[in-house]
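First up is the structure itself, then whatever we jot down about it.
The values are calculated or read from the model by the stated rules, or taken from the named source; none is laboratory data. The shown structure was predicted, so the numbers you read here are calculated from the model rather than taken from an experiment. Virtual Cβ from ideal backbone geometry, glycine too; neighbours counted across all protein chains shown.
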Amino acid sequence: MMKRRDFLKFGPACLAGALTRAVFAQSKYPERPIRLVVPYTSGSAADIVGRIWADEMNARLGPVFVENQGGGGGLVAATAVAHANPDGYTILLGNFGTHIRSGTAQPYNPVSDFAPISILVLTTLCIVANPSLPIRTVKELIDYAKSNPGKLSYGSSGVGSASHLASVMFKSITGATGIIEVPYKGVGHALSDVISGHISMTAMSLNGQLLDLHRTGQVRMLAVTGPVRLAVAPDIPTAIEAGVPGMIARNFMGLFAPAGTPTAIVEQISQATHSAIASDECQQKLIAGGFEPYPASSPEAAQRFVEDEINRWRPVIKAIGL
């Protein structure tokens, strides 16, 4: 039996060793691949960001596979993750559609049912039209829509999504109310139908694919809905510059685990994410794709970000009776 003086001498070291072994036992996460649920179809901006993050995590955290669950403007995927086992192996790539449209009916609470991990990027929406339409500017779009009510169709990624609310805001400000809304499971499908001419236009987060389609003439980008022009597309005016005052609609993408996920796991994912987003290589990939990296995020900052955005958009959602 250890004497008192020996315990005083060696006890702290023994206790530290025991704590180290306990922490090591808990630090085995992840022991299997992590599932990142992307609430939109493949080819969407969310899908691109999700796959960039998954690639970065392979070296920093462990294997990550991406699962696309489109539908309901993000509600299908968000509901599944909110009710998933809070063990750190199911993560949602949340965004405006999953967390901000609190004025709509949804089977989860966007604040209390999730454990925020990190905000990854901010994105600016872009108004995109089929190039065969006789419009080259936002003003021409407004004039054409007013002169031809019911002739233009607009694809969104579901009621309450950022693309839907952007169209509602656009029609409210401009009076071009004759544009017909067509909901899709994701903007990837809507974009495909814009290219083929099945619908007239959509608004989606700017990404590298969209830039390529614009540059090759397969779609026509009319304006971005951010406060300033984007460095990767300096020739595209903002909607405000194009004559739509107050037309600012931005999206975000972040990581959210089910509520109850152990704090240590949330912090581990957040720290690995911070390391990735802060790296020059990852930032270059994101910026080239039209995304604005958000490297300073933490679980606490992500929580504040979501709450602030909900409060900012709540009066807008109520005003349009959504």
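Look at (1) in a loop (DSSP other than H, G, I, E, B); (2) buried (at least 17 other Cβ atoms within 10 Å of the Cβ) and you find that residue 109 fails only one, number (2).
Just name the residue that is nearest to residue 291 (Cα to Cα) out of those in the range 253-268 that are surrounded by fewer than 24 Cβ atoms within 10 Å (Cβ to Cβ) and among the hydrophobic types (A, V, I, L, M, F, W, C). Step by step, filter the range 253-268, then rank; the result is 266.
Comparison of 290, 243 shows that the only residue that is more than 18 Å from the chain's Cα centre (by Cα) and on the phi > 0 side of the Ramachandran plot is 243. Return yes or no: is residue 225 loosely packed, with under 15 Cβ neighbours inside 10 Å, modelled with pLDDT under 95 and touching a helix residue (DSSP H, G or I) at 6+ places or on another chain (Cβ under 9 Å)? When the stated conditions are applied, residue 225 does not pass them.
In summary, residue 218 fulfils each of the numbered conditions (1) surrounded by 22 or more Cβ atoms within 10 Å (Cβ to Cβ); (2) closer than 18 Å to residue 130 by Cα; (3) touching a helix residue (DSSP H, G or I) at 6+ places or on another chain (Cβ under 6 Å) with the single exception of condition (1).
Inside the range 276-299, can you point out the residues that are under 21 Å from residue 228 (Cβ atoms) and among the polar types (S, T, N, Q)? If the condition is that a residue be under 21 Å from residue 228 (Cβ atoms) and among the polar types (S, T, N, Q), then 283, 284 are the ones that fit.
When you check residue 175 against the structure, is it at positive phi and under 17 Å from the mean Cα position of the chain (by Cα), yes or no?
On the way: at positive phi: yes; under 17 Å from the mean Cα position of the chain (by Cα): no.
Answer is no for this residue.
For the range 55-77, a tally of residues being assigned to a helix (DSSP H, G or I), free of Cβ contacts under 8 Å to residues at least 60 places away in the same chain and crowded, with 20+ Cβ neighbours inside 10 Å returns 1.
Scanning the range 131-157 for residues that are β-branched (Val, Ile, Thr) and closer than 17 Å to residue 218 by Cα, we see that the one that is farthest from the chain's Cα centre (by Cα) is 135.
The rows are residues; the columns are (1) touching a Gly at 6+ places or on another chain (Cβ under 7 Å); (2) over 15 Å from residue 121 (Cα atoms).
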| position | (1), (2) |
| --- | --- |
| 243 | no, yes |
| 259 | no, yes |
| 290 | yes, no |
| 295 | no, no |
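Take residue 166 and decide whether it is out of contact with any helix residue (DSSP H, G or I) (no Cβ under 9 Å at 6 or more places or on another chain) and buried (at least 23 other Cβ atoms within 10 Å of the Cβ). For residue 166, the condition - out of contact with any helix residue (DSSP H, G or I) (no Cβ under 9 Å at 6 or more places or on another chain) and buried (at least 23 other Cβ atoms within 10 Å of the Cβ) - is met.
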